[in-house]
Ligand code: ADP
């Protein structure tokens, strides 16, 4: 569009330059023609003067040799002819005419010079010769201007006049051309400006409208054609809108298929949106909930919920809370409510997770635990006492077989009691019911007690059990520290080969502002694979043993209990091991 006026302007410039050039040529031509015509005129004027002076019909006057006027004439003629010849060089015809005139002039001058040499008052014969010469002079003088020189002068004059007119015409033409193009250019420029403004404004308004349509979820205008910047922006916008729609669709699918009840609550505490999971959680359809108050479905702690929503407005987020809600069939559902308040939308977004099953399972577990405590531990303890009495022989002597049975029974009851106690401890630790009774504990005494109680077991396995003396005193629950040590040392002996060595030791360490004792139990057993070093502290986690191994299978609870006890003391527990070289179990307890 911009190229059209530009091309027009260039074409005009070219035409005007051409016209100007032609006019210039005509000007030069006209100047030259005028010069030639003037030169011939001057020449003819001189010739007439010359004839007037020297070529009268009956001249009685003697032309004097070296006459001043004559000399001047001669010189002027010479000069005039030279100039004339210079200016007519381009025109061969004219040039020949000038040369002929010049020759005629010199011939005449030659005659006059001869006349100068003949005396005026000589004999008749001489006078006759003079007369004849004068006759020749008059005849030749005419031929100077003959040969068409005067016609040429008139012709050059005409040329000069015509060229001047043509020049004026060309100049006028170029002026008109310039005005015409200026007008056309202006019209085109205005038209182009109007067109561009109109199309750009229209396309921009479509872009703008598209953004509003996107916000209002209304289909967009079809993409703008072309490949200019606006079309590119529009294309990108369409792609973006498509991606957004896709993302929204996926999000919608996730929300619709979620098992959790996801909803939004408006500023008045009413449901403004809900997903289909409302049916499963509250036994109510999402549509039936819209516009109703959230608090109306809370079974317990209605005020608490209102408080939570009002707190959310200032805090934005808060930890999930447990609630009881009413289902349509009148039953109660336990839920975990996570909520987030959005200031921009003045809406609270909630995720409600049904934990009824979890609650039921927990209650069941508690019931089982209660049953284990009362209905299993008490009879087992009684059984243990009975075996102890039987072993003591106070109630009669048993034969060897009977003694073996009683021993075996006692050992099995012991294992059962340990398992029940371990289970109870793990459960208590998990539910936060374990409490420590902290006192100053001398580690040396704990080590000593542990070696004494497990010495027999170690000996039976051919394992050397020992400890390195220490004067470190920790702040902790002695009974629990003993349990940790017994578990770790028991494992160390259990997994040591015959002839192996188990050493208990303690070191001092500091972390941040607290000083700790690091207690280590080192064995020379088969070791633990690296990828299991973390897992063995999980409940019921055991490393696979070879089937031919004759180790007694444990419960997998020992290390889990150790970890729970150590953590209660604010310490850490970990294991370091090299396969076939042995393991070191370490835990920390704050120093007193
Ligand atoms: P349990 O000994 O009753 O199986 P633990 O929780 O005490 O349960 O131990 C878990 C597992 O960790 C054990 O089964 C054993 O595979 C591994 N383990 C524990 N201590 C040692 C040790 N000193 N050397 C080799 N493996 C060990």
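The values are calculated or read from the model by the stated rules, or taken from the named source; none is laboratory data. All values reported here derive from a predicted model rather than from experimental measurement. Don't worry about glycine lacking a Cβ; one is built from the backbone with ideal geometry, like all the others, and counts go over all protein chains shown.
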**Prompt:** Which residue, of 505, 509, 520, is under 60 Å from the mean Cα position of the chain (by Cα), at pLDDT 95 or above and more than 21 Å from residue 560 (Cα to Cα)?
**Reply:** 505
**Request:** Go through the range 277-301 and count every residue that is touching a helix residue (DSSP H, G or I) at 6+ places or on another chain (Cβ under 8 Å) and loosely packed, with under 14 Cβ neighbours inside 10 Å.
**Result:** 1
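This table checks each residue for (1) outside any helix (DSSP H, G or I); (2) farther than 30 Å from residue 435 by Cβ.
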| site | (1), (2) |
| --- | --- |
| 469 | yes, yes |
| 474 | yes, no |
| 484 | no, no |
| 506 | yes, no |
| 516 | yes, no |
| 520 | yes, no |
| 527 | yes, yes |
| 543 | yes, yes |
| 561 | no, no |
**Item:** Condition met for residue 463 (within 16 Å of the ligand (Cβ to nearest atom), surrounded by 20 or more Cβ atoms within 10 Å (Cβ to Cβ) and more than 21 Å from residue 557 (Cβ to Cβ))
**Value:** yes
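For the range 563-592, which positions are in a strand (DSSP E or B) and more than 8 Å from the ligand (Cβ to nearest atom)? Write out each step before concluding.
Just the residues of the range 563-592 that are in a strand (DSSP E or B), to begin with: 573-578, 582-591.
Once the filter is applied, which keeps residues that are in a strand (DSSP E or B) and more than 8 Å from the ligand (Cβ to nearest atom), the range 563-592 yields 573, 574, 576, 578, 584, 586, 587, 588, 589, 590, 591.
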**Item:** Test result for residue 544, free of Cβ contacts under 8 Å to residues at least 24 places away in the same chain, exposed (fewer than 14 other Cβ atoms within 10 Å of the Cβ) and within 11 Å of the ligand (Cβ to nearest atom)
**Value:** yes
**Asked** Can you tell which of 102, 116 is in the same structural domain as residue 71 (by TED's automatic domain parsing) and surrounded by 19 or more Cβ atoms within 10 Å (Cβ to Cβ)?
**Response** 102
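Residue-wise test of (1) on the phi > 0 side of the Ramachandran plot; (2) more than 15 Å from the ligand (Cβ to nearest atom).
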{"residue": "479", "(1), (2)": "no, yes"}
{"residue": "483", "(1), (2)": "no, no"}
{"residue": "489", "(1), (2)": "no, no"}
{"residue": "499", "(1), (2)": "yes, yes"}
{"residue": "508", "(1), (2)": "no, yes"}
{"residue": "514", "(1), (2)": "no, yes"}
{"residue": "519", "(1), (2)": "no, no"}
{"residue": "528", "(1), (2)": "no, no"}
{"residue": "558", "(1), (2)": "no, no"}
